[in-house]
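We did not get these values from a lab; they are worked out from the coordinates using the rules stated. None of these values were measured; they are calculated from a predicted model. Here the Cβ is made from the backbone with ideal geometry for all residues, glycine too, and neighbour counts use every protein chain on show.
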Amino acid sequence: MKRAARRLLCLSWMRGLKNPGPLDPNQLLSLQWFRMKRVENSQTVRSSPLVRRIAKVENVDLSDLEGTGLGGRITKKDILSYLTERQKVAEVTRPMVQQVAQDVAETRQSRADRTEVVPMSAMRRASLNIWLPAVASLLT
């Protein structure tokens, strides 16, 4: 806990705050969580800042990639080859997805053609006249 407080004090000093004031326990907990998350991420995925930026822009999970660099590090070449592969897969599957969407639209249309409007019975109409004002008053 003391180390986290010291780190928070250093971070506030680096940001230009003269006196950060009393230390908030929530800030300390969030700082500890950030440190644990950073250690966890650094142990699972090794990559350069450029690769992380590209992954963030392209919405790529780096844990899905295998690095070919030194020590399994993900290189720019790895992520660019992954993106081209992903694009090729999208081009191949796009016609299949469009066909399925068209089939679903046709099925919905055929179901809509078969719908039949049945007039309400007197009993249902009476209960609707009773319940409708009550429900409307609850919604307003």
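Worth pointing out:
- In the stretch 93-135, the residue that is surrounded by the fewest Cβ atoms within 10 Å (Cβ to Cβ) out of those that are outside any loop (DSSP other than H, G, I, E, B) and of a type in the set (V, I, T) is I130.
- Unique match (being β-branched (V, I, T) and in contact with a helix residue (DSSP H, G or I) (Cβ under 9 Å, 6 or more places away or on another chain)) among T68, T115, T107: T68
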